[in-house]
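Quick notes on the structure that follows.
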Amino acid sequence: MNLKYKVLIASLIIIILFSFSVEAKEVKLIINDQKVESNLIIINGRTLVPAEIISKHFGDNINWINNEQELRINNENLKAKLIVGKDKAVVNSTTVPLQTKIRESNDKVLIPLRLLPKIYGGNLAWNASTKTIYYNFNQVTNISVKKFSNKSQVVIKSVAAPQYKISHYQQPERLVLDLKKISLKEIDNSTQMFNDLIKSIRISQFQVNPATVRVVVDINQMSDYQLIRDGSNLILEINGEDGVNASSITSSFKKFHWKDKRIVIDPGHGGEKPGAIGQSGVEEKKVNYQIASRIYQQLKSEGFQVILTRGKDQNLSLMQRVKLADNWPADLFISIHADYNYKSWINGTTTYAHWNASEDNWALAWYVQDEIVKRTKTNSNGLKAANFLVLRESKIPSILVETAFLSNPREEYLLTTSAFQQKVADGVVAGVKRYFYN
Ligand SMILES: [Zn+2]
């Protein structure tokens with residue numbers, strides 16, 4: 001291409017960009033009462049916004065895959081692929097058609113504004129006199145369970161009260177609650193609470209376009225249920241049959257001597273498998289081992305029989321770890337890990353059990369979780385159900401403790417300190433004792 005053409009093309013691009021930005025400056029975008037500072041671009045009457053507003057306004061990280069010309073949004077509930085030059089996007093394996101193509105301009109990926117309500121729910125509104133686009137979206141921000149003597153309440157918190165539809169199914173008995181035009185934030189797709197009434201709760205971004213959050217409550221037994229609106233909260237109240245004590249999650253255990261109890265402590269990863277690595281380079285395998293060793297020492301000094309699954313920097317397969325506990329045979333299996341999330345602000349302690357775990361097993365998880373967070377003052381992310389191999393294949397009560405987040409700079413530091421490690425260890429030991437003693 002000769003120079004003349006290059007200059008011509010360059011000036012054309014400048015003119016096009018200039019005319020876009022002039023047009024865009026006249027139009028304002030307000031997302032949930034917050035003015036968007038990024039420039040909008042309007043092409044053929046369609047508004048495009050820089051993809052960076054996804055991280056700014058929705059808190060989701062975006063990754064740019066250069067050789068695929070593809071933008072990815074990835075969190076526990078949302079997997080989206082936006083490809084430059086395409087007039088469709090893939091959101092949680094649903095293809096969403098777009099009225100205008102995704103573009104790249106000045107190193108910024110521009111996405112059609114209309115895609116956002118399809119991903120995050122909510123509505124767009126246009127005020128012609130002020131040339132302002134309003135985008136209001138709704139999110140489920142928290143789900144918790146309140147226990148009463150003969151009933152349980154599942155409390156769903158959201159920014160604004162959502163429309164809903166509830167269905168009751170049998171075999172297995174469950175309540176399915178669909179919340180409309182709403183998205184899910186910071187709540188994972190896993191079970192959390194349980195008692196005599198509720199077996200488990202599952203929550204997911206069930207559908208995009210229209211955005212629907214589905215809450216499935218698996219029921220152990222119930223006489224009836226009702227939905228109650230409380231401001232923007234929605235409360236699903238589940239009533240038990242007479243004589244059911246919804247608050248009891250533990251049964252009584254026999255008294256025993258500590259020395260009769262055999263406990264396997266499993267420091268996660270090891271050897272060539274470092275596990276998660278924090279921003280300043282702290283390796284999960286290392287802190288797991290240090291914490292596990294403290295638990296080992298502490299349990300020993302209390303009189304328990306205890307073994308560690310691995311040596312200081314050794315790697316064992318997950319199955320070998322389970323087998324070790326089975327062959328001994330052990331009474332409890334406790335795996336120690338540190339958590340990771342690409343969102344560095346996420347923090348706290350979580351204890352996992354298998355989703356088919358017994359009530360005893362869940363009681364162990366609860367005691368350990370409770371005793372750890374009491375001491376470490378970390379944010380309690382509660383109990384979660386998972387299908388991890390070490391939990392699934394184990395024949396004895398087994399839990400996996402995610403002590404804190406290596407991806408969170410503050411917790412990465414804490415995980416290396418002996419004070420924090422000891423608090424976690426003391427918590428695990430106190431939880432184990434409470435499990436056997438209660
Ligand atoms: Zn791990």
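Expressed in nm², what is the orientationally averaged projection area of the convex hull enclosing the Cα positions of the chain? Before the final figure, lay out each step's value.
Details: hull surface 104.8 nm².
Mean shadow area of the hull around the Cα atoms is 26.2 nm².
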Task: Rough spin-label spacing in nm, given labels placed 7 Å along Cα→Cβ, for Lys131 and Asn66 - done: 3.7 nm
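Under a Cβ-Cβ cut-off of 10 Å, what is the net charge of the residues other than Asp331 that fall near it, where Lys and Arg count +1 and Asp and Glu count -1?
On the way: positive: Lys261, Arg262; negative: Asp260.
Computed value for this residue: +1.
Would you compute, from DSSP H runs of 4+ residues alone, the mean residue ellipticity of the chain at 222 nm, taking -39500 (n - 2.57) per run and dividing by the full residue count, rounded to the nearest 500? Could you put the intermediate results ahead of the total?
On the way: 9 runs with 116 residues, N = 438.
Computed mean residue ellipticity for the chain: -8500 deg cm²/dmol.
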Task: Charged-residue dipole, Cβ positions (Lys, Arg, Asp, Glu), the chain about Cα centre, Debye nearest 20 - done: 640 debye
Task: Above-threshold pairs, the threshold being 29 Å between Cα atoms, out of Lys151/Lys323; Lys35/Lys384; Lys273/Lys384; Lys35/Lys377; Lys101/Lys384 - done: Lys151/Lys323; Lys35/Lys384; Lys35/Lys377; Lys101/Lys384
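For a Förster distance of 56 Å, can you work out the FRET efficiency between the beta-carbons of Glu37 and Gln226, rounded to the nearest 0.05?
Working: r = 45 Å, r/R0 = 0.80.
Efficiency for this residue pair is about 0.80.
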Task: Cα radius of gyration and Dmax for segment 139-239 (Å) - done: 12.6, 40
Task: Assigned charges on the beta-carbon of Lys, Arg, Asp, Glu; segment 63-188 dipole about Cα centre (debye) - done: 380 debye
- [ ] Would you compute the Debye intensity of segment 308-409 from its alpha-carbon atoms alone, equal scatterers and no solvent, and pass along log10 I(q)/I(0) at q = 0.15, 0.16 Å⁻¹ to two decimals?
- [x] -0.63, -0.71
Task: In segment 327-395, the chymotrypsin sites (Phe, Trp or Tyr not before Pro) that fall in loop regions by DSSP, at most 13 other Cβ within 10 Å - done: Tyr342, Trp345
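Take peptides 231-237, 282-288, 66-72 and line them up by average Cβ neighbours within 10 Å, highest first, as a rough protection proxy. Show your work: numbers first, answer last.
Details: 231-237: 16.4, 282-288: 23.3, 66-72: 13.0.
Going by the mean number of other Cβ atoms within 10 Å, highest first, we get 282-288, 231-237, 66-72.
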Task: For Ile277, net neighbour charge (Lys/Arg +1, Asp/Glu -1) across residues whose Cβ lies under 9 Å away - done: -2
Open item on the list: Run the numbers for Asp313 and Leu124: contour at 0.36 nm per residue of separation, minus the present Cα-Cα distance, in nm.
Closed with: 62.5 nm
TODO: Give the cross-link partners of Lys88 among the aspartates and glutamates, using a straight C-alpha distance below 18 Å as the criterion and excluding same-chain residues fewer than 8 apart.
DONE: Glu68, Glu70, Glu104
- [ ] Give me the distance in nm between label points sitting 7 Å out from Cα along the Cα-to-Cβ direction at Ala161 and Ala419, one decimal.
- [x] 4.8 nm
- [ ] Identify the chymotrypsin sites (Phe, Trp or Tyr not before Pro) of segment 121-166 meeting these criteria: DSSP loop state and at most 15 other C-beta atoms within 10 Å of the C-beta.
- [x] Phe148
Open item on the list: Projecting each Cα onto the charge dipole of the chain (Lys/Arg +1, Asp/Glu -1 at the beta carbon, about the Cα centre), which of Ala425, Leu236, Ile156 comes out farthest on the positive side?
Closed with: Ile156
Task: Loop-located trypsin sites (Lys or Arg not before Pro) in segment 333-393, at most 14 other Cβ atoms within 10 Å (DSSP) - done: Lys377
Task: Dipole-positive endmost among Leu115, Gln139, Phe405 within the chain (Cβ charges, Cα centre) - done: Leu115
Task: Karplus 3J(HN,Hα) series, Hz, for segment 217-222 with 6.51 cos²θ - 1.76 cosθ + 1.60 (x for Gly, Pro) - done: 10, 7, 9, 7, 7, 7
- [ ] Enumerate the lysines that Lys181 could reach by cross-link, defined here as Cα to Cα under 17 Å, with residues fewer than 8 away along the same chain left out.
- [x] Lys118, Lys157, Lys165
- [ ] Output ³J(HN,Hα) for segment 119-133: one whole-Hz value per residue in order, computed from phi by the Karplus curve 6.51 cos²θ - 1.76 cosθ + 1.60 with θ = phi - 60°, and x for Gly and Pro.
- [x] 8, 9, x, x, 9, 9, 9, 10, 10, 5, 5, 9, 6, 10, 9
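For Asn92 and Glu359 in one chain, what is 0.36 nm times their gap in residues minus the Cα-Cα distance, to one decimal in nm? Could the numbers behind the result be given before it?
Values: separation 267, 0.36 × 267 = 96.12 nm, distance 3.35 nm.
Taking Asn92 through Glu359 to full extension adds about 92.8 nm, to one decimal.
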Task: 5 Å-binned pair-distance histogram of segment 258-437 (Cα, whole percent) - done: 1, 10, 19, 23, 23, 16, 6, 2, 0
- [ ] Among Ser317, Gln305, Asn74, flag the residue with its Cα farthest along the positive direction of the charge dipole of the chain, charges on Cβ as +1 for Lys/Arg and -1 for Asp/Glu.
- [x] Asn74
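Bear in mind these aren't lab numbers, they're just calculated from the coordinates by the rules spelled out. Keep in mind the model is a prediction, meaning the values are calculated, not measured. All Cβ positions, even for glycine, are placed from backbone atoms using ideal geometry, and neighbour counts span all protein chains on display.
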